[in-house]
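Take a look at the structure set out below.
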Amino acid sequence: MISPLEAIELLKNITIPFRTEKLPLAKTLGMNIAEKIVADRDFPPFDRAMMDGIAVKDISAPTWKIEGMLFAGEPVKAIKKMDGSLEIMTGATAPRGTEAIIKIEDLKIEKKIATYIGKTPLEKGQFIHLQGADAPAGSVLVKKRTKIGPVEIAIAATVGKAHIEVESKPHVHIFSTGDEIVGLHETPKDHQIRSSNVMMLKSVLLSKGFKANSSHLPDSAEKIKANIDKVLESNDIILLSGGVSAGKKDLIPSVLAEAGFETVFHKISQKPGKPMLVATRSDGKVVFAFPGNPISTLTCFWVYFLPWVSGDWAEYNVKEIKFLPKPSAELDQWIPVENGEVLAHNGSGDLISWSRADGLVWQKAGDKAKKLPYIPLK
Ligand SMILES: Nc1nc2c(c(=O)[nH]1)N[C@H]1C(S)=C(S)[C@@H](COP(=O)(O)OP(=O)(O)OC[C@H]3O[C@@H](n4cnc5c(N)ncnc54)[C@H](O)[C@@H]3O)O[C@H]1N2
Ligand code: MOO
């Protein structure tokens, strides 16, 4: 049996399936881009004036005669004489042969003659943002799979992309299993229970923007296999609850093998959630099968599935806990806590006691530490 840490390492190696879709640019912040952005023109596309001032052909001339004016958004004009100049605004195209742009604060202008009064020597090329200096036309500005931040949005807008192809979240199908399970609107017979797991999983997934559907599987290998094959036509990930431990009708491991899945791991040395199973198929489909007890399903989903599917294995905060139970010698424990105190409960089938928990702490097998990694639940 592997440890929770080993399970996490194995999960990190499983590629998260994703889809692609075209979205309006303004709706793509924070997503991964699924195409590359290529420069349609040089960046910048022309020699761009970086200051309001004058454009001169010869910085060594004692004064410059102002021949005219050049605004941003106007086609470029030429400076006619060697000691000529054009008044130029930031963002305008510097005329061909411009040696420098001198900012207006460094000039005295009288009767259309400009004289330099700045304190530092003039430099060739000053305040000209040269065409192609940032990137030449045809170069890749944003690589595929880059996370889209505000800069990438601005770059895509600059090359005229109103819509871009992005990676969208995988489609998830949730199955409950077991002949004892009935739907929410049914009245359970004495030996039956309503499914709590599906709603719990679905609500979290929907709140995180996943497409998630659900259905129920009876304890029949044939029906389980047929249903799994069917939902995989339109889904990328299957979540299952129940049917993964040692009972005579715990059919999930064998049916998954029949459906072409390879087990990544089955069983983790932990409580709750020991019989958890993860399997992958060569076409990229992934199955997480959670042990059916409601708290086992919840813990495995929270501790393993959510960090995996969001690609976010953030470090846990540490919490000091009063009166921790003696650690188990063999199994890591996920312990419900409320305000730093352990909650007494009747095991992983007891939803009611866990409802007070603000989070879980992780007590490793044999570890007597009082400060433990804490995972909030709310
Ligand atoms: N001989 C062994 N027995 C068990 C072992 C073991 O290692 N050896 N592991 C135990 C542990 S730990 C757990 S957890 C459970 C998990 O078993 P399964 O994944 O096979 O789950 P089921 O037997 O189908 O169901 C367990 C329990 O959960 C209830 N359940 C199932 N689905 C739902 C649902 N959608 N909503 C609410 N409750 C659900 C089900 O009725 C059972 O009471 O196995 C131990 N046994
Ligand atoms: O993992 Mo089972 O979690 O204890 O009841």
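Note on region 254-277: among residues that are away from ligand 2 (no atom under 16 Å from the Cβ) and outside any loop (DSSP other than H, G, I, E, B), the one that is surrounded by the most Cβ atoms within 10 Å (Cβ to Cβ) is LEU256. Scanning region 154-164 for residues that are more than 25 Å from THR93 (Cα to Cα) and either open to solvent by less than 50 Å² (accessible area, probe 1.4 Å) or basic (Lys, Arg) (or both) yields one hit, ILE164. Pairing each residue of region 187-212 that is away from ligand 1 (no atom under 15 Å from the Cβ) with any residue that is not in a strand (DSSP E or B), provided the two are 6+ apart or on different chains, yields C-beta distances under 7 Å for GLY209/LYS169; PHE210/LYS169. Considering region 40-73, the residues that are of a type in the set (A, V, I, L, M, F, W, C) and in a loop (DSSP other than H, G, I, E, B) include one that is least open to solvent (accessible area, probe 1.4 Å), namely ALA61.
Once region 7-39 is narrowed to residues that are open to solvent by 80 Å² or more (accessible area, probe 1.4 Å) and in contact (Cβ under 8 Å) with a residue 24 or more places away in the chain, the residue that is farthest from PHE265 (Cα to Cα) is ALA26.
Among the residues of region 130-152, those identified as in contact (Cβ under 8 Å) with a residue 24 or more places away in the chain, more than 30 Å from PHE290 (Cβ to Cβ), open to solvent by 40 Å² or more (accessible area, probe 1.4 Å) and not in a loop (DSSP other than H, G, I, E, B) are VAL140, LEU141, PRO150, GLU152.
Would you mind stating whether VAL286 is at pLDDT 95 or above, more than 29 Å from the chain's Cα centre (by Cα), open to solvent by less than 40 Å² (accessible area, probe 1.4 Å) and away from ligand 2 (no atom under 16 Å from the Cβ)? No.
Of the set (1) in a helix (DSSP H, G or I); (2) without any contact (Cβ under 8 Å) to a residue 24 or more places away in the chain; (3) touching a strand residue (DSSP E or B) at 6+ places or on another chain (Cβ under 8 Å), all apply to ALA226 but (3). Is it fair to say GLN333 is over 20 Å from MET200 (Cα atoms), open to solvent by 10 Å² or more (accessible area, probe 1.4 Å) and among the polar types (S, T, N, Q)? Against the criterion (over 20 Å from MET200 (Cα atoms), open to solvent by 10 Å² or more (accessible area, probe 1.4 Å) and among the polar types (S, T, N, Q)), GLN333 qualifies.
On the basis of being open to solvent by less than 70 Å² (accessible area, probe 1.4 Å) and closer than 30 Å to LYS27 by Cα, does ILE101 make the cut? Break it down into steps so the answer makes sense when it comes.
On the way: open to solvent by less than 70 Å² (accessible area, probe 1.4 Å): yes; closer than 30 Å to LYS27 by Cα: no.
In short, no.
Can you report the number of residues in region 351-377 which are part of a strand (DSSP E or B) and either open to solvent by 40 Å² or more (accessible area, probe 1.4 Å) or touching a Pro at 6+ places or on another chain (Cβ under 8 Å) (or both)? Qualifying residue count, region 351-377: 7.
Could you please give the count of residues in region 336-350 that are crowded, with 17+ Cβ neighbours inside 10 Å and within 12 Å of ligand 1 (Cβ to nearest atom)? Let's see the steps before the verdict.
Of region 336-350, the ones crowded, with 17+ Cβ neighbours inside 10 Å are 336-337, 342, 345, 348.
Cutting the leftovers down to within 12 Å of ligand 1 (Cβ to nearest atom) gives us 348.
Matching residues across region 336-350 total 1.
On the stretch given as region 178-228, residues that are farther than 22 Å from LYS378 by Cα and either among the β-branched types (Val, Ile, Thr) or within 16 Å of ligand 2 (Cβ to nearest atom) (or both) total 8. Just name the residue that is most open to solvent (accessible area, probe 1.4 Å) out of those in region 229-250 that are more than 16 Å from ligand 2 (Cβ to nearest atom) and without any contact (Cβ under 8 Å) to a residue 40 or more places away in the chain. Applying the filter and picking the extreme gives LYS248.
The values are calculated or read from the model by the stated rules, or taken from the named source; none is laboratory data. Note that this is a predicted model, so its numbers are computed, not measured. Don't worry about glycine lacking a Cβ; one is built from the backbone with ideal geometry, like all the others, and counts go over all protein chains shown. Heavy atoms of the whole protein, side chains included, go into the accessibility calculation; ligands, DNA and RNA do not. Shrake-Rupley method; radii C 1.70, N 1.55, O 1.52, S 1.80 Å.
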